[in-house]
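Let me begin by presenting the structure, written as structure tokens, before commenting on it.
The values are calculated or read from the model by the stated rules, or taken from the named source; none is laboratory data. All of these numbers come straight from a predicted model, not from anything done at the bench. Cβ coordinates were reconstructed from backbone atoms using ideal geometry, including for glycine residues, and neighbour counts include every protein chain displayed.
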Amino acid sequence: MGKLVFVGLLYCLGCLTALANLTDLAEEPDWGRLDSFQKCISKGEFVRQLNEVYCPRKSWWSSWIEINQDSARIRKKADSDDWYDLQFLESNKSNGSSFPCFQISGAKIFIDPGHIGGEFSAMEGRHFALGNDEPVKEGDLALLIALALKSKLERKGAAVFLSRKQNQPVTDARPGDFKNRASSWFGKIKWMHRITEEEKRERIQKKADLYFYRVSEIMARRQLVKKTKPDLILCIHLNAAPWPDPQHKSLVSRNDYHVLVNGCYMGGEMAYDDQRFEMVWRLVNRWEATERLIAESMSRAFAQKTGLPAFAYKGPNALKIGKVEGVWARNLLANRIYEAPVVFLEPYIANSEAVYQRIQMGDYAGHKEINGQKKQSLVREYVDAVLLGLERVGSLK
């Protein structure tokens, strides 16, 4: 939920840093990590992934990547002529790649319940309340779903890890740790000198909050991913729609789902040294094939279990992937820096009439009648859709 709604996609940080080579709080990339991928990917495969998944407009990547006959030259720093040369696999050799496969039993699955929830939900903008009803907190719902999903996956033989087990931050940092950074950031903006001191303090506080819950928190979770080394990461979220009138909240009729994989790095995002490296790192690891396979299976499962239509993006910040409805590529912080195949789940519109009623009913066993239909609790329907999607992955080959 944004301050007014769930947005579920606000992990995207392409716009957070201006006039800099690195995204906020990012470290300078170690391009030497790519050395182990020399002559491991063909020119055709590199170009296909670049154009079809990661950066679909040549105008977005041509200033940063040069495609030669035998190599890709990647600019290492935005303000220099320092390049990394990635040698392609020789054309007369096979790269040995095979169609990705996945089965629950024996898999290491990392579940990332989106956001923090609890006392932090209002700060995150993932919180809304209507009248005297219980407030809707995306972080709380995501954790309930993640815990139930973990239990069922473990019964099917998976090793399951959670990024968090309570509605508390993973990061040790707090907003106060970023006050100076936020103040410095705004100090470079001319129009800030024309607003009142009170407005200035509010903006600096919000920026410090954002560094805490959106950047530092995801980076802390990345460290858990590195320790776990999972086969798959599932990011649990719920979506939402804009309020018709933000000043007088009223529920919407829209309700749909979609599934996200990493990709669609836009021109401004390619200008960041860390994002450019992360894109190439994901490309040479060939995670897109696994992500697409699982995302397509998930999309079909959510369509079947929920009966909802698939959402379709209309802007340039998302790219339709494959032929299965509801599967899109976006460049989000978590699905960029978590080093494994990552699938983002975005079912339901939390501030819709149908879903809000189900959220207020809480979790329950069996089925209850809702608008003339017998339905599971939203938590259990979500979990069952994910299980169905994972169980059916093999049928998409």
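A few points about this structure:
- Filtered by the rule that a residue be in contact with a Gly (Cβ under 6 Å, 6 or more places away or on another chain) and closer than 16 Å to Met219 by Cα, region 109-135 gives His115, Ile116.
- Flag if Leu319 is buried (at least 17 other Cβ atoms within 10 Å of the Cβ), out of contact with any Asp or Glu (no Cβ under 6 Å at 6 or more places or on another chain) and farther than 18 Å from Leu234 by Cα: yes
Here is a yes/no grid of residues against (1) surrounded by 15 or more Cβ atoms within 10 Å (Cβ to Cβ); (2) outside the structural domain of Leu390 (by TED's automatic domain parsing); (3) without any contact (Cβ under 8 Å) to a residue 12 or more places away in the chain; (4) over 30 Å from Gln38 (Cβ atoms):
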{"site": "Pro56", "(1), (2), (3), (4)": "yes, yes, no, no"}
{"site": "Gln69", "(1), (2), (3), (4)": "no, yes, no, no"}
{"site": "Ala78", "(1), (2), (3), (4)": "yes, yes, no, no"}
{"site": "Ser121", "(1), (2), (3), (4)": "yes, no, no, yes"}
{"site": "His127", "(1), (2), (3), (4)": "yes, no, no, yes"}
{"site": "Leu144", "(1), (2), (3), (4)": "yes, no, no, yes"}
{"site": "Ala148", "(1), (2), (3), (4)": "yes, no, no, yes"}
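- So Glu346, is it in contact with a His (Cβ under 6 Å, 6 or more places away or on another chain), assigned by TED's automatic domain parsing to the domain that holds Glu291 and touching a residue at least 40 places away in the same chain (Cβ under 8 Å): yes
- Elements of type helices (runs of 4 or more DSSP H) contained in region 256-307, each with 3 or more residues being polar (S, T, N, Q), modelled with pLDDT of 95 or more and surrounded by fewer than 23 Cβ atoms within 10 Å (Cβ to Cβ): 287-306
- Taken as a whole, the structure leaves Ile111 outside the set of residues that are aliphatic (A, V, I, L, M), under 30 Å from Tyr382 (Cα atoms) and out of contact with any strand residue (DSSP E or B) (no Cβ under 6 Å at 6 or more places or on another chain).
- Matching residues, region 233-291, being within 17 Å of the chain's Cα centre (by Cα) and either over 30 Å from Gln49 (Cα atoms) or free of Cβ contacts under 8 Å to residues at least 40 places away in the same chain (or both): Ala240
- Taking the listed residues Val379, Val343, Val383, the one that is assigned to a strand (DSSP E or B), among the hydrophobic types (A, V, I, L, M, F, W, C), modelled with pLDDT of 95 or more and under 23 Å from Lys150 (Cβ atoms) is Val343, with no other qualifying.
- Qualifying residue in region 201-209 (condition: buried (at least 17 other Cβ atoms within 10 Å of the Cβ), in the same structural domain as Leu345 (by TED's automatic domain parsing), touching a Ser or Thr at 6+ places or on another chain (Cβ under 7 Å) and not small (Gly, Ala, Ser)): no
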